[in-house]
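Okay, structure first, notes after.
The values are calculated or read from the model by the stated rules, or taken from the named source; none is laboratory data. What you see is a predicted model; the values in this text were computed from it and never measured. Here the Cβ positions follow ideal geometry from the backbone for every residue, glycine too, while neighbour counts run over all protein chains shown. Heads up: the accessible areas ignore ligands, DNA and RNA and are worked out on the full protein's heavy atoms, side chains in. Shrake-Rupley method; radii C 1.70, N 1.55, O 1.52, S 1.80 Å.
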Amino acid sequence: MNFDLTDERQMLQDSLRKYLADHYSNEVIRALAKSDCGYSKENWAGLAELGVVGALFSEEDGGYGGAGFDMALVFEELGRVGATDPLVDTAVLCGGILAALGHGEQKNLVESIIEGSLQMALAHAEPQSRYELSRVDTRVEREGEDFVLNGQKCVVVNASAADYLIVSARSEGAVAATAGISLFLVPTDTAGLTLNDYPLSAGGRAAEVQLDNVRLGAASLLGKQGDAFDTLELVHARATVAVCAEALGLMETIRALTTDYLKVRKQFGRPIGKFQVLQHRMADILIEIEQARSAVINLAGHVDGERDAREKHVSATKNLIGLVGKLVAEESIQMHGGIGMTEEYELGHLAKRLIMVDHRLGDATFHLERFVELAVA
Amino acid sequence: MNFDLTDERQMLQDSLRKYLADHYSNEVIRALAKSDCGYSKENWAGLAELGVVGALFSEEDGGYGGAGFDMALVFEELGRVGATDPLVDTAVLCGGILAALGHGEQKNLVESIIEGSLQMALAHAEPQSRYELSRVDTRVEREGEDFVLNGQKCVVVNASAADYLIVSARSEGAVAATAGISLFLVPTDTAGLTLNDYPLSAGGRAAEVQLDNVRLGAASLLGKQGDAFDTLELVHARATVAVCAEALGLMETIRALTTDYLKVRKQFGRPIGKFQVLQHRMADILIEIEQARSAVINLAGHVDGERDAREKHVSATKNLIGLVGKLVAEESIQMHGGIGMTEEYELGHLAKRLIMVDHRLGDATFHLERFVELAVA
Amino acid sequence: MNLEYTDEQLAFRQEVRAFLEAELPESLSAKVKSGKTLNKSDIEQWHAILNKQGWLAGNWPKAYGGAGWNAVQRHLFEEEMTGASAPRILPFGLAMLGPVLQEFGSAEQQEYYLPKVLNGEHWWCQGYSEPGAGSDLASLKTRAEREGDHYIVNGQKTWTTLGQHANMIFCLVRTAKEGKPQEGISFLLIDMNSEGVSVRPIVLIDGEPEVNEVFFDNVKVPVANRVGEENKGWTYAKYLLTHERTNIAGVGFAVAGLESLKRIARTEQSKGRPLIENPYFAAQIARIEIDLMAMSTTNLRVISKAAAGQAPGAESSMLKVKGSEIRQAINALTRSAIGSYAMPFVSEELEPGSNALPVVPDYAASVTGAYFNNRKLSIYGGSNEIQRSIISKALLEL
Amino acid sequence: MNLEYTDEQLAFRQEVRAFLEAELPESLSAKVKSGKTLNKSDIEQWHAILNKQGWLAGNWPKAYGGAGWNAVQRHLFEEEMTGASAPRILPFGLAMLGPVLQEFGSAEQQEYYLPKVLNGEHWWCQGYSEPGAGSDLASLKTRAEREGDHYIVNGQKTWTTLGQHANMIFCLVRTAKEGKPQEGISFLLIDMNSEGVSVRPIVLIDGEPEVNEVFFDNVKVPVANRVGEENKGWTYAKYLLTHERTNIAGVGFAVAGLESLKRIARTEQSKGRPLIENPYFAAQIARIEIDLMAMSTTNLRVISKAAAGQAPGAESSMLKVKGSEIRQAINALTRSAIGSYAMPFVSEELEPGSNALPVVPDYAASVTGAYFNNRKLSIYGGSNEIQRSIISKALLEL
């Protein structure tokens, strides 16, 4: 049992923290968040050069880490500065799928991701699927050697900046069956693919994706036909480590901002941090952030292990992070008062990102129900 | 729209409050609560003489009121002093059933209840029924003109002091069907009836009731065979007004005790009521007690009306009272500190009664689910 | 005890309902229902319709052109308004300034200003808060120095809601530095077109410029524009805050919000069934609905007292806290209900008639913005922390 | 980062487990499992078994007859103990007094008292709290006046847990009135059989006489029974409170409590199905379990730091607050789980071997009592309010 960072991870944390301090000031981040692309391609390249993208992949896959604790480290740091880079989408989700299922040239794309020269997006969720991973209504039909896809995907983060989408589609089985789901590697300029791109309230961009008779060659299939669910579940578990660690980083910065504000903001002749009510509420926030940190550690420590324990921790951690994130965001805005409501103060961007974590990969309610199914009943 | 008491109810409140002040001191109540019978027969007679029991019955049934607001008034006052008299059991539940279903001599018993000369208990709940009114596993078989009952009833409040039990039993239908439930008037000395009597932690007594081939004459049937559910539901709705109003009275006294304590108890050189944290928590308690009061008013105002609105308010109010009761009891103990944990301080008895309200007639969780079924989904 | 309205009250409600059915433009109610942004002319149009009916100022006495309704009538009116998705009446001139002028203004001020509030010639905004003075309102620093017939005003106000549309602002300003902070404050009416007044929008976290900063740089304000006595403004301000608390619980908004949430939860799917049938989600709706049922009755109890002439005291604070908590809980659960469609921020979708390709379901477009915007409910008008302190002092004497 | 124990640690756990399997009397574990009351001889029996193994004082150095375990070993031992439903080791002599004597006691005191703690000759209880001094411990009033070789002690202590069984009490007493309240306190060891000591049981709201008042009426205590210097007792008391905080989170109790809750919820029925399958109930279990999973890891993080020699500071306060909240939530939900069987109070059913006809299911008998009794968790050992103040001062510097 050891909760210290290894020397290698400590070095990564130090260099990443320094890079972020130099390139991810709050002003820069907030401007980038609303830019056409939603993040900075230069910064992305810088992260890749630093080995940050590679840290999310195992040595076997050409990276330098890839364990749960590597992801937790990287994303906590990114969260601390409120970064909007689509590392979850390109690297953890799509990179993870390519590493697991890619064959031949597909697998080479992992190298491009690690180098920072490739952007990707996972087009999996659908308007009616509500976080349920196995609910896929997009259809794939075989026509000769080709695959033809029809359907609709929603809130595909990073889609318009992506070189490729990975698209899920069903060839057989009921709409929520785990069997029968396949994944395809689809260049974003493929005919029949329509992207309706838009900004996200917490920064970055996403798109609604329409698939109208999208015809793909046999080589576009990732892994075996109808057999993608286990990989989807695994990469979503890994992505849950990422977004939960990001949330933790966000909480830490928000907590620090709020504590600082309580010391300088005066009302009724004294710093508001001298009011016992706010002291005790901050103490509760601190306690809950420690809970969040422990939940992230639990998930990071189990994500590389066997499936049942892994998924139990996925749902436990995502539920807890969703609830604590809401508490921290709402309480920090409340304690700031009016200033906390303004777009130009740095809290706003961070609080919005923190709230939005609950809308990715299943919210607190979804995972509470899932935890009951996995661990209670 | 009028939230004032009518003159008649104001008079009843005044006289009841005076009687309780004279006869229901906290010391007396706590001693009685643990006595062999669980309450005082003299006090009961006094209440009856005052017209308090009669206030729970309509004029048609020989009483002087019987509306939801009459019950709310009476039970709030009884709650304020922490009274343990089994008025819910004898008058609201059993008296209500007799008034609704009784024929001939059975109905005359209502008069005895109003006079204060008869005690009763409702033997309806069973070890597996968990607040579900229609779940009755006790069987009744017809043998000639007689009825023969077999089964087990649990936590029958006031059973051993009762002259009669009203016992529910099923002659047909699945175990949780609303149709097929009958009610019988059973003298407590009937052969085959075994009472295992015990004290309750919040005062008063109850018994486990065993029915082994309890043979009853045809005249013991209340109403029509198999047709008792609607009446059971109605009297339980009325009993819910009673226990919720009792809870409200308990909350008011507990709140006053706690506020007083905050003013006299000193720590760190000043009354603990000067600490902002406790002030704000007391403010929240006050807000929630107002919620509780409104919930009781809502239920009292709808209990005499049509079934759907009535039952929606039953579950809404019982859920809210359960949650607020727990908050008020726990917070008041916490703010008192050690003294609040002791049996000899008056808070303990009141807090226990308040907590135990959630274990009668369905708890907060049961009624949340029921409210969803009745009003949300 | 009686939860039912009198026949008279029911008739009044029927009258309001009929009026709204006939006169509320569908173009406006559709915007309100779907959470679209109302522009200036929308608000002016609706105020004009109400004014024509004599119902714009329900709380004003008839002598001043108001409807002269009692608290129950005002409540019924509010309830019907929110139920019909009518735009809300802006409170600044009508609920806030009007009563102050009627109580403390000179006859000239009443004659000059009150009709202009009603006919829309004056769009008022509120100049109370300052950057340094939030909950501690009395610590305000904007100063007005007397020079002959004028005050010279310098300073800054903030959180001025819809100040971008206003041509008039009522302000608390400091006219004396001695004594307690409360004692040197005066109440001034300032033309926003005066030289030296400038307005800067503040974009809130929902992305909308709802509030503003207002700067005063040597602004000349006639002494005649002072309401009441010099240095007595705090009294008038407190009076105003009491009146602002009409409908402080926001029951109508909560009821409409809950209905909208249920509608969405019937449309959204969870595992192939309507979301509302999911027990884990339904339980959260039920908890809010149960709280709202009780709070509505608390609200009626306070209204009933007010209609009988008893001034509500700390009960208003209780309604403020519980009311804002319930509305915020509804906003948060509605955000949960729309799932990943809470993430997009497509401001064009809030503008009716936009040509942008729709991204999210119509019911989802305003949900995230409303959630973030309504965090203000527990901050403004005296934060919930201030309200709790009021309650513990007034009702518990702690 | 690594959540797994080392091989060495796993071997230690195995050793503990094997010992408990072999040596823990089934008669004791059955009582613990069903929440029955342990009597004095039960506790003495279990202490003697542990002492024979050399494991009674895990936290003491070997030189004093302890096991000399580090924080991780102590944690593993606790975990196995609660997992096996072993009676808990009473903390008064072992976790509280022992470390104080080892750090501040004279050689004579160490030689005289420590072996008697281990062999059970002395049953210690704690004389800290007083009726007027709860969270404000330093305001204590029991006074000790010097007369030659003795102190004459007068005053009253309260909340003395299991004082009815004790023959020794360690007390904080006031030996000087000057200066800050903390400065005039001394730490005395008092024989409960001394003339002038009397004990009065306090029945708590669960109906059990767990705690006591202890009165001192001109009690002669040899000066040699003072630990450390006169008027420096506050320092020793604080040291003791730090040591009391070992296992402050109560993870083992929470884990056992949650398992018991789930077992009950699998037995209890709701609408013809096991209660645990009811989503409204299961959701509440799940929330607690998720919180407990996280808190267990927070606990391990603190233990891991302690094992590495870093003294836990305000982290203990965080564990105290969260740990007590989780345990109280488990108690409350278990009470809900047993439905109307929470109402009976049949004290005989808590006594094993009672001839009374059983009223409630065996698993239900102690549930309501435990719920009420464990309200103490957020009150004693520094109330949760005190802990929050410590956290905000130490970690947030507010």
Pop a pseudo-label 7 angstrom from the Cα along the beta-carbon direction at both D:R200 and A:E373 and give the gap in nm to one decimal. 6.0 nm
The protein assembly as shown - mean residue ellipticity at 222 nm from DSSP helices (-39,500 (n - 2.57) per run, n ≥ 4, rounded to 500): -15000 deg cm²/dmol
With a 1.4 Å probe on protein heavy atoms only, tell me which residues of the range B:268-285 lose at least 40 Å² of accessible surface in the complex relative to the chain by itself. B:F268, B:Q276, B:V277, B:Q279, B:H280, B:A283
Average beta carbon contacts from partner chains per residue of B:132-145, 10 Å cutoff: 1
Residue-ordered couplings for the range D:202-219, obtained by feeding phi - 60° into the Karplus form 6.51 cos²θ - 1.76 cosθ + 1.60 and rounding to whole Hz (Gly and Pro as x), are 10, 7, 8, 5, 7, x, 9, x, 7, 10, 9, 9, 10, 10, 10, 10, 6, 7
Would you mind counting up the charge near C:H150? Only other residues with Cβ under 14 Å from its Cβ, with Lys and Arg at +1 and Asp and Glu at -1. -2
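Averaged across the residues of A:69-76, what count of C-beta atoms belonging to other chains lies within 10 Å of each residue's C-beta?
For peptide A:69-76, the averaged partner shielding equals 1.
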Could you work out the relative contact order of the range B:134-264? I mean the mean sequence separation of Cα pairs under 8 Å and 6+ apart, divided by the number of residues, in percent. 27 percent
So the angle from the long Cα axis of helix A:68-81 to the longest Cα principal axis of chain A, reported in degrees to the nearest 10, equals 60 degrees
Given the candidates C:A314, D:A224, D:I205, the one whose Cα lies deepest towards the positive end of the charge dipole of the protein assembly as shown, counting +1 at each Lys or Arg C-beta and -1 at each Asp or Glu C-beta, is D:A224
Of all accessible surface on the range C:247-396 at a 1.4 Å probe, what whole percent is carbon and sulfur? 55 percent
Mind putting a number on the dipole of the range D:124-236 about its Cα centre? Charges go on the C-beta only, +1 for Lys and Arg and -1 for Asp and Glu, and I need it in Debye to the nearest 20. 260 debye
Report ³J(HN,Hα) in whole Hz for each residue of the range C:167-174, in order, from the Karplus equation J = 6.51 cos²θ - 1.76 cosθ + 1.60 where θ = phi - 60°; Gly and Pro get x. 10, 9, 9, 9, 10, 9, 9, 8
On a C-alpha basis, how far is the centre of the range A:318-372 from the centre of the range B:1-55 in Å? Whole number, if you could? 51 Å
Inverse mean reciprocal Cα-Cα distance (Kirkwood Rh) of chain B, Å: 21.2 Å
Based on alpha-carbon centroids, what's the gap between the range C:156-180 and the range D:4-81 in Å, whole number please? 70 Å
I'd like the carbon and sulfur percentage of the solvent accessible area for the range C:1-147, probe radius 1.4 Å, heavy atoms only, ligands and nucleic acids excluded. 46 percent
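With a probe of 1.4 Å, find how much accessible area the range B:230-376 has per residue, and write the answer as a whole number in Å².
I get 26 Å² per residue for the range B:230-376.
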Short version: which residues of the range A:356-377 lose at least 40 Å² of accessible area, all chains versus chain alone, 1.4 Å probe? A:M356, A:H359, A:T365, A:L368, A:E369, A:F371, A:V372, A:V376
Taking only Cα atoms, what is the 0 to 90° angle, nearest 10, from helix A:276-302's long axis to the longest principal axis of chain A? 30 degrees
Taking the rotation axis that maps chain D onto chain C, which residue of D brings its Cβ closest to that axis, and at what distance in whole Å? D:P279, 2
State the antiparallel share, in %, of DSSP beta bridges confined to the protein assembly as shown, rounding to the nearest 5. 85 percent
Between D:L38 and A:K263, the FRET efficiency computed from the C-beta separation at R0 = 35 Å comes out, to the nearest 0.05, as 0.10
Taking each residue of D:379-389 in turn, how many C-beta atoms of other protein chains fall within 10 Å of its C-beta, and what is the average? 5
With +1 on each Lys and Arg Cβ and -1 on each Asp and Glu Cβ, and nothing else charged, work out how big the dipole of the protein assembly as shown is about its Cα centre, in Debye to the nearest 20. 2820 debye
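Given C-alpha coordinates of the range D:124-236, what is the ratio Rg to Rh with the Kirkwood estimate of Rh?
0.96
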Total accessible area buried between chains A and C, 1.4 Å probe, in Å² to the nearest 100? 4200 Å²
Env charge @ B:R80, Cβ radius under 10 Å, K,R +1 / D,E -1, value -3
Residues of the range B:289-330 that become at least 20 Å² less accessible with every protein chain present than in their own chain isolated, using 1.4 Å: which are they? B:E290, B:Q291, B:S294, B:I297, B:N298, B:K312, B:A316, B:N319, B:L320, B:L323, B:K326, B:E330
Among A:S160, A:A206, A:S134, which residue has its Cα positioned farthest towards the positive end of the charge dipole of the range A:121-226, with +1 placed on the Cβ of Lys and Arg, -1 on the Cβ of Asp and Glu, and the dipole taken about the Cα centre? A:S134
What are the label-to-label distances in nm, one decimal and shortest first, from C:P222 to the same spot in the other copies, with labels 7 Å along Cα to Cβ? 9.7
On the protein heavy atoms, probe 1.4 angstrom, tell me the percent of accessible surface of the range B:243-304 carried by carbon and sulfur. 53 percent
Aspartates and glutamates near A:K41 by alpha-carbon distance under 13 Å, same-chain residues fewer than 8 away left out - which ones? A:E49, A:D85, A:E115
Can you give me the C-alpha center-to-center distance between the range D:271-302 and the range A:71-108, rounded to a whole angstrom? 31 Å
What net charge do the residues around A:E343 carry, taking every other residue with its C-beta under 12 Å from that of A:E343, with Lys and Arg at +1 and Asp and Glu at -1? -2
To the nearest 10 square angstrom, what accessible area does C:E210 show with a 1.4 Å probe? 50 Å²
From the label point of B:E115, set 7 Å along Cα to the beta carbon, how far off in nm is each other copy's matching point, shortest first? 10.3
Rolling a 1.4 Å sphere over the protein heavy atoms, what is the accessible area per residue of the range C:124-236, to the nearest Å²? 41 Å²
So how do C:311-322, B:239-250 stack up, highest first, on mean other-Cβ count within 10 Å? B:239-250, C:311-322
Take the alpha-carbon positions of the range A:230-376, form their convex hull, and give its projected area averaged over all directions (one quarter of the hull surface) in nm². 9.0 nm²
What's the tally of Lys pairs in the range D:247-396 whose alpha-carbon atoms lie under 20 angstrom apart, where the two lysines are 8 or more places apart or on different chains? 7
So if I restrict to the alpha-carbon atoms in the protein assembly as shown, what is the Rg, and what is Dmax, the biggest pairwise distance, in Å? 34.9, 108
Hey, can you grab everything whose amide H is under 5 Å from the amide H of A:Q267? Only 5+ residues off in sequence or another chain; H modelled, so Pro and N-termini drop out. A:I272
Mind checking the per residue accessible area of the range C:1-95 for me, 1.4 Å probe, whole number of Å²? 49 Å²
Exam field: A:A256 pseudo-label spacings to other copies (7 Å along Cα-Cβ), nanometres: 5.3
Using each residue's phi in the range A:228-238, evaluate 6.51 cos²θ - 1.76 cosθ + 1.60 at θ = phi - 60° and report the 3J(HN,Hα) Karplus result to the nearest Hz, with x for Gly and Pro. 8, 4, 4, 5, 4, 5, 5, 5, 5, 4, 5
On a 0 to 90° scale, report how tilted helix A:307-336 is relative to the longest principal axis of chain A, with both axes built from alpha carbons and the result rounded to the nearest 10. 40 degrees
Given unit charges at Cβ for Lys, Arg (+) and Asp, Glu (-), the dipole magnitude of chain B about its Cα centre in debye, nearest 20, is 1460 debye
